[in-house]
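The structure appears right after this line, and notes come after that.
The values are calculated or read from the model by the stated rules, or taken from the named source; none is laboratory data. All of these numbers come straight from a predicted model, not from anything done at the bench. Note that each Cβ is placed from the backbone with ideal geometry, even for glycine, and that neighbours are counted across all protein chains shown. Heavy atoms of the whole protein, side chains included, go into the accessibility calculation; ligands, DNA and RNA do not. Shrake-Rupley method; radii C 1.70, N 1.55, O 1.52, S 1.80 Å.
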Amino acid sequence: MKYTFEKAEKSTVKIEITLTAKEWDAAIDKAYEKTKGRYSMPGFRKGRVPKHLLIGTYGKGIFYEDAINESFPQYYSEVLEKEPSIEAVASPELDIKKISDTGLTLVATVAVKPEVTLGEYKGITFKKVEYNVKDEDVEEELNRLKERNSRMVDVTDRAAENGDTVIIDYSGSVGGVKFDGGTAEKQSLTLGSKTFIPGFEEQVEGMKIGEEKDITVKFPDDYHAENLKGKEAVFAIKLHEIKKKELPELTDEFIKDAVGAESVEAYKKEVRDRLTKQNDERAERELEDEIVKKITENAKTEVPDALIDGQVDRMVQEMRYRLSYQGLRLEDYLKYLGKSMEDYRKEYRSQAENIVKSQLVIEKIIETEKIEATEEDVNARMEEMAKAQGKTVEEIKGDVKDSRLEYLKNEIVIKKLFDMLKNANKIA
């Protein structure tokens, strides 16, 4: 095999591979052995037709496609092993330059990891946003705790009010004719939730247990059912029950039962500490995002389409997973939005390119600064994990397999990278 390669446009390399007659014949022999079960001729059982008879009848061309598929991966891999500068990041596109019974010349065009020219990534001033915990934030957490521990109690001594949950029967009609979906029994409805047609809940307010009355509402002009859009409807209502939400009193006893804290004040401190930690983590993430954005803007590189397409694939797949948790298919979601998959992918393309460029810049800085996860770093991280999980370091080492170890090392490298970037820049 002979080969040459040259850089092409947008971070691609063209590799020309030429097989000698001997190598091409060997590839054809392999193709024959792999595919001979397909062929039959008079006087021979299927799969037993000699190669020379097939070639004599149909020509060597009968094996060309299979011979290429059989030989190319081997010779392509050899080229990549011999030329470590060719860092392929996608499957190659093949073109046949020359093919005959005596030889083969292929041109493989492959996207490669692009060169990155770093710009300024030190000595930059960044502003770090501070998120302070307010008393209102703590009170909101306390209210949420009370909501989670609330209970519904029956109301029998008054009419229904906004905020109550009522149990009703209803039967709707338009022009005296009942319509599909307009009738229900023992339906639960929270007044003020705006889950029913505008005007419906307001007219239920003031009704008492056992009371029956007709209410009139108008369906919105953009209502989903064509036969009801903009039409006036009458609903016959019967109210069976009224319930209201009862919140617990915020006492030391309640707090101890609900969350295990010794007192309301002790729990308030826990909440404030937790919110402060969350705010600090949020501020750090935003600072890191801003640093990455700036140093990526300052760098220069040419991102190949193959890397962008790969990132778009991952983003689309992630959306597919998220929708599946909600019981939805991506195709149905796109149909609802009135978009094609092609349009949807285009929307992701710019974001995908930025993500890939950021990753390339980060990798280049790590390489330039010679940042690595040493054995001491890994051991220290495992000791932290052991302490947090209540295990011994030996147990953690037993849990950390090869793939997990690489993830751990990458985690350490990224942390050291951001520590370096924060120290090398001014954080105002």
- Determine how large the accessible area of H224 is when every protein chain is in place; take a 1.4 Å probe and give Å² rounded to the nearest 10. 150 Å²
- Note on the structure: In terms of the charge dipole of the chain, which places +1 on Lys and Arg and -1 on Asp and Glu at the beta carbon, the residue among I197, A386, Q317 farthest towards the positive end is Q317
- Item | Most fluctuating residue given options K46, K97, K146, as computed from a GNM of the chain linking Cα atoms under 10 Å | K46
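For every helix of n ≥ 4 consecutive DSSP H residues, a contribution of -39,500 (n - 2.57) applies; sum these over the chain, divide by its total residues, and give [θ] at 222 nm rounded to the nearest 500 deg cm²/dmol.
Numbers: 13 runs with 206 residues, N = 428.
Result for the chain: -16000 deg cm²/dmol, rounded to the nearest 500.
Carbon and sulfur together cover what percent of the accessible area of the stretch 46-155 at a 1.4 Å probe radius?
On the way: 3070 of 6820 Å².
Here it works out to 45 percent.
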- Point-charge dipole on Cβ atoms (K/R +1, D/E -1) for the stretch 101-248, about Cα centre, debye to 20: 200 debye
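Using unit Cβ charges (K, R positive; D, E negative) and no other charged atoms, how large, in debye to the nearest 20, is the dipole of the stretch 163-314 about its Cα centre? Please report the intermediate quantities before stating the final value.
Details: 24 positive and 36 negative charges, 82 e Å.
Here the stretch 163-314 has a charge dipole of around 400 debye.
Given the alpha-carbon gyration tensor of the stretch 94-225, what are the semi-axes of its equivalent ellipsoid in whole angstrom, ordered largest first, with each equal to the square root of 5 times an eigenvalue? Intermediate values should be presented prior to the final figure.
Details: eigenvalues 824, 243, 44 Å².
Taking √(5λ) for each eigenvalue gives 64, 35, 15 Å, largest first.
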- Using a probe of 1.4 angstrom, how much of the accessible area of the stretch 292-331 is carbon and sulfur, in percent? 49 percent
- S40: accessible area at probe 1.4 Å, nearest 10 Å²? 70 Å²
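With a 1.4 Å probe and all protein chains in place, put D180, D305 in order of accessible area, largest first. Please report the intermediate quantities before stating the final value.
Values: D180 155, D305 70 Å².
From most accessible down to least: D180, D305.
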- Query: When the Karplus curve 6.51 cos²θ - 1.76 cosθ + 1.60 is applied with θ = phi - 60°, which whole-Hz ³J(HN,Hα) does each residue of the stretch 416-428 get, with x for Gly and Pro?
  - Reply: 5, 4, 5, 4, 5, 5, 5, 6, 8, 10, 8, 9, 8
- Rounded to two decimals, the Rg over Rh value of the chain from Cα coordinates and the Kirkwood Rh reads 1.15
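State the volume of the convex hull built on the alpha-carbon positions of the stretch 291-360, expressed per residue in Å³ and rounded to an integer. Don't skip to the end; give the middle numbers.
Details: hull volume 6.8 nm³, N = 70.
So the per-residue Cα hull volume is 98 Å³.
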- How about K370: which lysines have a C-alpha closer than 17 Å to its C-alpha, ignoring those fewer than 8 places off in the same chain? K122, K409, K415, K416, K422
- Which value, in Å² rounded to 10, gives the accessible area of E318 with a 1.4 Å probe and all protein chains present? 100 Å²
- Message: With angles folded into 0 to 90 degrees, how steeply does helix 305-325 sit against the dominant principal axis of the chain? Use alpha carbons for both and round to 10.
- Response: 40 degrees
- Proximal aspartates and glutamates relative to K60, as straight alpha-carbon distance under 20 Å, when same-chain residues fewer than 8 apart are discounted: E23, D25, D29, E33, E70, D95, D101
- Item | Computed label-point distance, nm, for sites E93 and D169 using a 7 Å Cα→Cβ extension | 7.0 nm
- Task: Would you mind classifying the stretch 195-336 by shape? Square roots of the alpha carbon gyration tensor eigenvalues, ordered a ≥ b ≥ c; an a/c under 1.5 is rounded, otherwise it is prolate if a/b is larger than b/c and oblate if not.
- Result: oblate
- Quick one: which residues, 5 or more positions from I427 or on another chain, have an amide H under 5 Å from its amide H? H modelled 1.01 Å from N in the peptide plane, none for Pro or chain starts. F126
- Any idea what log10 I(q)/I(0) is at q = 0.10, 0.12, 0.14, 0.21 Å⁻¹ for the stretch 293-428, Debye with uniform C-alpha scatterers and no solvent? -0.56, -0.75, -0.91, -1.13
- Item | Reachable lysines, given that their alpha-carbon falls under 19 Å from the alpha-carbon of K229 and they are not under 8 places away in the same chain | K178, K194, K218
- Item | Long-range amide H partners of T12 with built H, under 5 Å | V112
- Message: Keeping every protein chain present and rolling a 1.4 Å probe, give me the accessible area per residue for the chain in Å².
- Response: 63 Å²
- Label-reachable residues, the stretch 370-405, where backbone N falls under 14 Å from a point 7 Å from S324's Cα toward its Cβ: none
- 3J(HN,Hα) from dihedral phi, the stretch 155-172, Karplus parametrisation 6.51/-1.76/1.60, rounded to Hz, x for glycine, proline: 10, 10, 10, 7, 7, 5, 10, 4, x, 6, 10, 10, 10, 10, 9, 8, 9, x
